[in-house]
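Have a look at the structure below before the remarks.
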Amino acid sequence: MSGKRKRRIQDRLISPARAINIGCNTAGRNKNNGWRNHANRKIAKARTAAALRAATLFVSHDLNVVQYMSDRVAFMYLGTLVELAPAETMFRGAVHPYTRALLLAIPSVPESGANASCSAARCRARLIRHRHPIRPSLQENEEGTVLNIGILSDLHIDTNNPGCSVSVEDALCEAALAQKIDLLLIGGDISNNSAMTLKTLRYIRERLSIPCLFVPGNHDLWNIHNPERTAWDSYRELQAFEGNLANGVYMINEEWAVVGDIGWYDYSFGADRYTKEEFDRMSLGERTWQDSLFALWDRPTTEVCDYFVQKLDEQLSALRDKKVIVMTHVLPHRYFTVPNAGEVWGYFNAFLGSEQYGKLIESYASSVKLAVCGHVHYRKRQTFGGTLYVCSCLGYTREWSNPGDARTEVAKALSVIELASLEDRSTLNS
């Protein structure tokens, strides 16, 4: 580093109001790492000096240095942020397959020159070999690897667990292991409390040791005991879970992506006899839709729906050359609403989802092979426009065919789909 560059770094280190953004090359690509070590020491000193209060944004390919330097670490894949977590958590149990591949490719001993045991070519080979987060129990066939995807939503553990001999989350883990699930999709409504939902997600992921992807449900955003909190507060709290699709796209491999979010409703599934003003009240007779009490946003209901529709549209547009799985908590198609609705559900169907999601999925039908939803407590699947729609809800114990028997009911509710089978969707309706 030249003297001018050193002074520039020092000037930034003594300014508490400025963030420090330093790019650092990998050790294998730079023969003289003195400048890097000097900069690292300076930044580390600044980071630990409470008086400076300097925020450090450290950009590097050298993961050994990243682990040493960072409190939190983010990984990008194909220009998208795919994983964000505390450094200790990230290097101990990364979720995204690209992150795990990079961590597996870290040389255990620093080497340089022609004698380096991990050349660029060999590192690339390791990345390809470890790209998929697959357990050793994965089945094989003549076409190659079969990835089993498990789908379940609406666990409602705080309501269901008191009446069950085995907790719903333990029953889910047992069923996932028995079915040899390689990727678990949870479509929201784990509980009525964001902190409990976050704790449960981490428990399931740790016990299964497979990628667990999640979108929040409306119940997960409820603030029953904290009325000063908004739905956005709960939404952002749940983003601490690395497998939350609200954080961005998850790449299963080079061909397949998973994208999604909670979504919201815009009254389009409600009966025509009601006006928008009547739907805005979220109350009919003595019945009130509880989101109006416990999931309060900073904008009108229909604008919340539009926000998530636009977000999904932008993500799908960027994935046109991929095969895509879309997951929302709310319903994307009228087929899954309460049928033959009388006065009550003719009104409350309005709060189950939006036709906009179905139309959006249809517009990207060449990419979207699977659409997952929950919310309505049904277990149905159907193909529309070349896309398989799956709704696999556990629901409340009073709705179960075996009330109190979480093991049996979870095993029945858990949908398992082979990734390869999505290429031939004609046999998947039931």
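The values are calculated or read from the model by the stated rules, or taken from the named source; none is laboratory data. Since the model is a prediction, treat every value here as computed from it, not as a measurement. So basically every Cβ, Gly included, is an ideal-geometry build from the backbone, and we count neighbours across all protein chains shown. Please note that ligands, DNA and RNA were not included when accessible areas were found on the heavy atoms of the full protein model with its side chains. Shrake-Rupley method; radii C 1.70, N 1.55, O 1.52, S 1.80 Å.
Would a scan of the range 213-228 turn up a residue that is closer than 26 Å to Gly79 by Cα, open to solvent by less than 10 Å² (accessible area, probe 1.4 Å), part of a loop (DSSP other than H, G, I, E, B) and modelled with pLDDT of 95 or more? There is at least one residue in the range 213-228 that is closer than 26 Å to Gly79 by Cα, open to solvent by less than 10 Å² (accessible area, probe 1.4 Å), part of a loop (DSSP other than H, G, I, E, B) and modelled with pLDDT of 95 or more.
Residues that are closer than 25 Å to Leu284 by Cα and at pLDDT 95 or above: list the helices (runs of 4 or more DSSP H) wholly contained in the range 315-414 that include at least 1 such residues.
Details: elements: 343-348, 355-363, 406-413.
The qualifying helices (runs of 4 or more DSSP H) are 343-348, 355-363.
Considering only residues in the range 53-84 that are among the hydroxyl-bearing types (Ser, Thr, Tyr) and over 16 Å from Gln239 (Cα atoms), the one that is most open to solvent (accessible area, probe 1.4 Å) turns out to be Tyr68. Taken over the range 235-254, the criterion of being more than 24 Å from Leu319 (Cα to Cα) and surrounded by fewer than 23 Cβ atoms within 10 Å (Cβ to Cβ) is satisfied by Tyr235, Arg236, Glu237, Ala240. Quick one: in the range 250-270, which of the residues that are modelled with pLDDT under 95 and assigned to a loop (DSSP other than H, G, I, E, B) is nearest to Val344 (Cα to Cα)? So, considering only residues that are modelled with pLDDT under 95 and assigned to a loop (DSSP other than H, G, I, E, B), the one nearest to Val344 (Cα to Cα) is Ile252.
Among the residues of the range 390-415, write down those that are closer than 14 Å to Ile186 by Cβ and open to solvent by 50 Å² or more (accessible area, probe 1.4 Å). None; the set is empty. Scanning the range 373-389 for residues that are surrounded by 24 or more Cβ atoms within 10 Å (Cβ to Cβ), out of contact with any Phe, Trp or Tyr (no Cβ under 8 Å at 6 or more places or on another chain) and closer than 18 Å to Ile149 by Cα yields a count of 2.
So which of Ala87, Ala114, Ala125 ends up being surrounded by 15 or more Cβ atoms within 10 Å (Cβ to Cβ) and either at pLDDT 50 or above or out of contact with any Leu (no Cβ under 7 Å at 6 or more places or on another chain) (or both)?
Numbers: Ala114 fails: surrounded by 15 or more Cβ atoms within 10 Å (Cβ to Cβ); Ala125 fails: surrounded by 15 or more Cβ atoms within 10 Å (Cβ to Cβ).
Just a single option satisfies the conditions, and that option is Ala87.
When each of Ile149, Ile204 is tested for being at pLDDT 95 or above, buried (at least 16 other Cβ atoms within 10 Å of the Cβ), assigned to a helix (DSSP H, G or I) and out of contact with any Gly (no Cβ under 7 Å at 6 or more places or on another chain), the lone residue that passes is Ile204. Considering Ser108, Ser60, the condition of being modelled with pLDDT under 75, small (Gly, Ala, Ser) and at negative phi is satisfied by Ser108 alone. Consider the range 157-174 and keep the residues that are assigned to a loop (DSSP other than H, G, I, E, B) and open to solvent by less than 50 Å² (accessible area, probe 1.4 Å). The one that is nearest to Thr197 (Cα to Cα) is Ser167. Gly163 falls short on exactly one of the conditions (1) modelled with pLDDT of 95 or more; (2) closer than 14 Å to Glu409 by Cβ; (3) not hydroxyl-bearing (Ser, Thr, Tyr), and that condition is (1).
Can you give me the number of residues within the range 356-371 that are open to solvent by less than 40 Å² (accessible area, probe 1.4 Å), closer than 13 Å to Leu312 by Cβ and out of contact with any His (no Cβ under 7 Å at 6 or more places or on another chain)? Steps first, answer last, please.
Step one: filter the range 356-371 for residues open to solvent by less than 40 Å² (accessible area, probe 1.4 Å), giving 357-358, 360-361, 364-365, 367-371.
Next, from what is left, pick out any that are closer than 13 Å to Leu312 by Cβ: 357-358, 360-361, 364, 367-368, 371.
Subsequent filtering for residues that are out of contact with any His (no Cβ under 7 Å at 6 or more places or on another chain) retains 357, 360-361, 364, 367-368, 371.
Counting residues in the range 356-371 that are open to solvent by less than 40 Å² (accessible area, probe 1.4 Å), closer than 13 Å to Leu312 by Cβ and out of contact with any His (no Cβ under 7 Å at 6 or more places or on another chain) gives 7.
When you check Leu284 against the structure, is it modelled with pLDDT of 95 or more and over 30 Å from Arg202 (Cβ atoms), yes or no? Can you show your working first?
On the way: modelled with pLDDT of 95 or more: yes; over 30 Å from Arg202 (Cβ atoms): yes.
For Leu284, the condition - modelled with pLDDT of 95 or more and over 30 Å from Arg202 (Cβ atoms) - is met.
The listed residues are Gly270, Gly263, and the only one of them that is touching a residue at least 40 places away in the same chain (Cβ under 8 Å), crowded, with 16+ Cβ neighbours inside 10 Å and touching a His at 6+ places or on another chain (Cβ under 9 Å) turns out to be Gly263. Scanning the range 90-102 for residues that are open to solvent by 30 Å² or more (accessible area, probe 1.4 Å) and out of contact with any His (no Cβ under 8 Å at 6 or more places or on another chain) turns up Phe91, Arg92, Gly93, Tyr98, Leu102.
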